[in-house]
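Before any comments, here is the structure.
The values are calculated or read from the model by the stated rules, or taken from the named source; none is laboratory data. The structure displayed is predicted, hence computed values, not measured ones. Note that each Cβ is placed from the backbone with ideal geometry, even for glycine, and that neighbours are counted across all protein chains shown. Only protein heavy atoms, including side chains, enter the accessible area calculation; ligands, DNA and RNA are left aside. Shrake-Rupley method; radii C 1.70, N 1.55, O 1.52, S 1.80 Å.
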Amino acid sequence: MSENRRYLGELLAEFFAVAIIILFGDGVAAMYSLYDPSPYKTAYWGVCIVWGLGVTVAIYATGAISGTHANPAVTLSLAMFRGFSWKKVLPYISAQVLGGFAGAAVIYSLYVPVIDHFNLAHNLTRAVDGGAAGVFFTHPGDFVTVSHAFWDELVLTAVLVFGIFAITCQYNTQAPQANSSALIIGLLVAIIGASCGYLDAWAINPARDFGPRLFCFFAGWGQSALPAPGNYFWVPIVAPLIGGPIGAAIYQFGLRPFMPRYLEQTVIVAPEGINPAEPVLVVSNPGDPAFPVVNRVS
């Protein structure tokens, strides 16, 4: 396979990964928000599980191609600490945002009559009141200001990326083996949602929020989507991009050097930073002085 074709496959994989996550995640958000009685109002854990399993399905579907970053905060963290090519960062992020846009468009096509009925029944409009916007993108919860939501998103994304780095670390002998890491990462997303999701709907992923938000801007929500009340739209973009690398750094420098097998492994790294045939999330930084040998593959 040519390098260009392989690279195209990676971008398509990132696009479909986020689209899959939004398809399931925004779908369960619609079930939670638009129906009365909601099947999830007294079973919020079910919402969290669906979001988490959406991540798991996305990883199983695309991980062999791109490693399933499916999150700009993860892509940035991998470039900073695990040797992912900086030249691929912006294209990966663009593919992820487009995937979020496409996933939201599919959910909209499924739920548009329910959305319209919900807004009519509650005397809401899309553009003025942001009626049913919570199906697609996040906003601060009760008693949470925009500035506090920034802190929430920063911390929760740091927890997410810290967990991903720990779960996929090749030196962590207690990490899940074989392909079970996809399930554990999905459960990590669910746990974050179950413990802190009501604060601001736990975006913890700029593509997960901005892609659907951008779709909604064109689908009639207008200023309710962008810039959103209190100019909130930038919070789930900027805060995760700061929090993700912080979480990665805490693991990379706080725990990873003490893993028993840390100094015993040889890392295989491609000229562009990784071997795309290998899971991105387990590729380590080729410049790490702890590795006496670095084998490069073409």
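Considering only residues that are free of Cβ contacts under 8 Å to residues at least 24 places away in the same chain and of a type in the set (A, V, I, L, M, F, W, C), look in the stretch 29-63 and name the one that is farthest from ILE115 (Cα to Cα).
Kept after step one, since they are free of Cβ contacts under 8 Å to residues at least 24 places away in the same chain, are these residues of the stretch 29-63: 31-32, 36-43, 46.
Filter again for of a type in the set (A, V, I, L, M, F, W, C), leaving 31, 43.
Working: MET31: 11, ALA43: 22 Å.
Top of the filtered list is ALA43.
Please state which one of LEU53, LEU11 is at pLDDT 95 or above, in contact with a Ser or Thr (Cβ under 9 Å, 6 or more places away or on another chain) and surrounded by fewer than 24 Cβ atoms within 10 Å (Cβ to Cβ).
Details: LEU53 fails: in contact with a Ser or Thr (Cβ under 9 Å, 6 or more places away or on another chain).
That would be LEU11, the only listed residue that is at pLDDT 95 or above, in contact with a Ser or Thr (Cβ under 9 Å, 6 or more places away or on another chain) and surrounded by fewer than 24 Cβ atoms within 10 Å (Cβ to Cβ).
Look through ALA30, ALA19, ALA43, ALA102 and report the one residue that is open to solvent by less than 10 Å² (accessible area, probe 1.4 Å) and not aromatic (Phe, Trp, Tyr). Reasoning before the result, please.
Values: ALA19 fails: open to solvent by less than 10 Å² (accessible area, probe 1.4 Å); ALA43 fails: open to solvent by less than 10 Å² (accessible area, probe 1.4 Å); ALA102 fails: open to solvent by less than 10 Å² (accessible area, probe 1.4 Å).
Of the residues listed, the single one that is open to solvent by less than 10 Å² (accessible area, probe 1.4 Å) and not aromatic (Phe, Trp, Tyr) is ALA30.
Out of ALA175, ALA203, I need the residue that is among the aliphatic types (A, V, I, L, M), in contact with an Asp or Glu (Cβ under 6 Å, 6 or more places away or on another chain) and either modelled with pLDDT under 95 or not in a helix (DSSP H, G or I) (or both). Which one?
None of the others qualify; the one that does is ALA203.
Scan the stretch 243-252 and give yes if some residue there is β-branched (Val, Ile, Thr), open to solvent by 30 Å² or more (accessible area, probe 1.4 Å) and farther than 22 Å from PHE15 by Cα, otherwise no.
Taking the stretch 243-252 and keeping what is β-branched (Val, Ile, Thr), we get 246, 250.
Still in the list and also open to solvent by 30 Å² or more (accessible area, probe 1.4 Å): 246, 250.
Still in the list and also farther than 22 Å from PHE15 by Cα: 246, 250.
So far as the stretch 243-252 goes, yes, one or more of its residues are β-branched (Val, Ile, Thr), open to solvent by 30 Å² or more (accessible area, probe 1.4 Å) and farther than 22 Å from PHE15 by Cα.
Given GLY243, GLY247, GLY197, GLY163, which one is closer than 30 Å to ILE115 by Cβ, part of a helix (DSSP H, G or I), of a type in the set (Gly, Ala, Ser) and in contact (Cβ under 8 Å) with a residue 24 or more places away in the chain?
Details: GLY243 fails: closer than 30 Å to ILE115 by Cβ; GLY247 fails: closer than 30 Å to ILE115 by Cβ; GLY163 fails: closer than 30 Å to ILE115 by Cβ.
The conditions single out GLY197.
Please determine, by comparing only the residues of the stretch 108-125 that are surrounded by fewer than 21 Cβ atoms within 10 Å (Cβ to Cβ) and under 26 Å from the mean Cα position of the chain (by Cα), which one is farthest from SER33 (Cα to Cα).
The initial filter retains those residues of the stretch 108-125 that are surrounded by fewer than 21 Cβ atoms within 10 Å (Cβ to Cβ), namely 108-110, 112-114, 116-125.
Checking the rest, the ones that are also under 26 Å from the mean Cα position of the chain (by Cα) come to 108-110, 112.
Numbers: TYR108: 14, SER109: 17, LEU110: 15, VAL112: 13 Å.
Looking at residues that are surrounded by fewer than 21 Cβ atoms within 10 Å (Cβ to Cβ) and under 26 Å from the mean Cα position of the chain (by Cα), I get SER109.
Considering the stretch 121-153 alone, what residues qualify as being closer than 27 Å to ILE21 by Cβ and among the β-branched types (Val, Ile, Thr)?
VAL135, THR138, VAL144, VAL146
Return yes or no: is PHE137 in contact with a Cys (Cβ under 7 Å, 6 or more places away or on another chain) and outside any helix (DSSP H, G or I)? Lay out the reasoning, then the answer.
Values: in contact with a Cys (Cβ under 7 Å, 6 or more places away or on another chain): yes; outside any helix (DSSP H, G or I): yes.
It is true that PHE137 is in contact with a Cys (Cβ under 7 Å, 6 or more places away or on another chain) and outside any helix (DSSP H, G or I).
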